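The values are calculated or read from the model by the stated rules, or taken from the named source; none is laboratory data. Since we're looking at a predicted model, the values are computed, not measured. Ideal geometry is used to build each Cβ from the backbone, glycine not excepted, and the neighbour counts take in all protein chains shown. For accessibility, only protein heavy atoms count, side chains too; no ligands or nucleic acids. Shrake-Rupley method; radii C 1.70, N 1.55, O 1.52, S 1.80 Å.
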Amino acid sequence: MRVLGIESSCDETSVAVVRDGRHVESLVIASQTEIHARYHGVVPEVASRAHVEQIGPVLAAALQVESDEPVVAVAVTSRPGLSGSLAVGVAAARAFAWARSIPLVDVDHMLAHAYAVQLERSVAWPYVVLLVSGGHTLLAIARGPTELEVLGTTIDDACGEAFDKVSVSLGLGYPGGPRIEAIAKEGDADAYRFPQSPMGVGGRAYDVSYSGLKTAVIHQRDRFRRAAAPGPHDHADIAASFQRAALEPLIARVRAAVHYHAVPRVTIGGGVAANETLRALLRADAAAHGYELFAPRRELCLDNGAMVAGLGHALLTAGYRSPESLGVQARVARFRAPK
Ligand code: KG4
Ligand code: ZN
């Protein structure tokens, strides 16, 4: 059963064809990172316009894969995300489904990220999911394809957003994650003790906060600017120390979730999940504390149409169909963890 998946919730336009919810036959991702770089972040209006331009070519490229079997359904991300961006994908999906007289299935972006690992290998539910990107920071337990129990979120900046802001403040530019990661390799992560988000911040055990860390890093940078002769490794040391302070609280929360919920399987997603230090820290933690880590390849960690098609297949086989009046939803209330 071949399902088309369309994803346009933020700044990636992506379309994929996935067979039986597992086998990725085609996956095309058009990133807008370069378009947004000069604004140091994603500009919603610019993003929707770029989606309008990209959706046709990306859809055509994804459909080039040869097969005797037709596409039998369309899945699309309808929430959460930027309204204008979501609307482009939903409009395209509705038109495609209508033109071919095939069913349409709307999916939740976070559930799709949680599903992504299933496209590489079959992982038994439940599993702990850590989703970290420029727009989201979420720790949850996936209890099934459509069931995500939220344990914690960020109370201020998203994790990737902190990487982006620190990078811009150090003059390294946007997107920050890959630049911080690269320069951090030359630095000493022990050089500074930046504040780490304690467990229980904001009154919820698994919530995380990045604003204090971001401010501390910017103060350190200001101290250097006032100093007569900052050393050559100063920025690298700040980047390495920041990276550690940003990532270690995530590892601590994953370990706590595995332990207290007795769920010894973990998967990750989002742009920050591409970070090699995060992956290495998690691998070491998994080995030390006896849980399994399933880290999908980078492409499947990013926003992509394949995870949408995969989850869409699960919904479709469960009998779900989108309403005729399908719209978009920028926010999803249940992604606040209960106190
Ligand atoms: O998932 P994504 O492409 O888009 C959304 O935000 O939805 O994630 C982009 C975010 C940016 O904040 C970027 O700085 C961060 O992921 N990122 C990284 C790395 N690569 C991308 N953060 C840390 N290390 C990386 N290697
Ligand atoms: Zn995402």
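Of the listed residues K165, K214, K185, the order by accessible area with a 1.4 Å probe, largest first, is K185, K165, K214.
With both labels modelled 7 Å from their Cα along Cα-to-Cβ, the R193 to H233 distance reads 2.0 nm. Taking the helices alone, the chain has a mean residue ellipticity at 222 nm of -13500 deg cm²/dmol, built from -39,500 (n - 2.57) per DSSP H run of at least 4 residues and averaged over all its residues.
Between L63 and E149, the FRET efficiency from the beta-carbon distance, with R0 = 51 Å, is close to 0.90.
How about region 220-328: which trypsin sites (Lys or Arg not before Pro) there are in a DSSP loop, with at most 16 other Cβ atoms within 10 Å of their Cβ? Please list the in-between numbers first.
Numbers: sites: R221, R223, R225, R226, R244, R253, R255, R265, R279, R283, R297, R298, R321; in loops: R297, R321.
Loop-located and lightly packed - R297, R321.
Please sort through the DSSP H helices of the chain and keep those with an alpha-carbon extent of at least 30 Å along the long axis and a Kyte-Doolittle average not below -0.5. Numbers along the way, then the final one.
On the way: long enough: 234-260 (39 Å, 0.17).
In the chain, the long hydrophobic H runs are 234-260.
How long is the gain from V332 to A318 if the chain were fully straight, where each residue apart is worth 0.36 nm and the alpha carbon distance is subtracted? Walk me through the intermediate numbers first.
Details: separation 14, 0.36 × 14 = 5.04 nm, distance 2.20 nm.
Result: 2.8 nm gained on full extension.
On the basis of the beta-carbon distance and an R0 of 25 Å, H259 and S122 show a calculated FRET efficiency of 0.55.
Amide H to amide H distances under 5 Å link D106 with V76, S322, where only residues 5 or more positions off or on other chains count and H is placed in the peptide plane.
Which loop chymotrypsin sites (Phe, Trp or Tyr not before Pro) in region 33-99, with loop taken from DSSP, have no more than 13 other Cβ atoms within 10 angstrom of their Cβ?
Numbers: sites: Y39, F96, W98; in loops: Y39.
Sites meeting the loop and neighbour criteria: Y39.
In plain terms, the chain from R297 to A37 could stretch by 91.2 nm, reckoned as 0.36 nm per residue minus the Cα-Cα distance. At a probe radius of 1.4 angstrom, the accessible area of region 1-87 per residue rounds to 43 square angstrom.
Taking amide H atoms as placed 1.01 Å from N in the peptide plane, the amide H of G173 lies under 5 Å from those of V168, each 5 or more residues away in sequence or on another chain.
Y127 exposes around 0 Å² of accessible area when a 1.4 Å probe is run over every protein chain in place. Taking every protein chain into account, the accessible area of region 119-185 amounts to 33 square angstrom per residue (probe 1.4 Å).
The order of F294, F163 by accessible area, most exposed first and with a 1.4 Å probe, is F294, F163.
For an R0 of 35 angstrom, estimate the FRET efficiency from the Cβ-Cβ distance between E45 and H289 and round to the nearest 0.05. Write out the running numbers ahead of the final one.
On the way: r = 45 Å, r/R0 = 1.29.
The value I calculate is 0.20.
Among the protein heavy atoms of region 173-303, carbon and sulfur supply 53% of the accessible surface, probe 1.4 Å, non-protein parts ignored.
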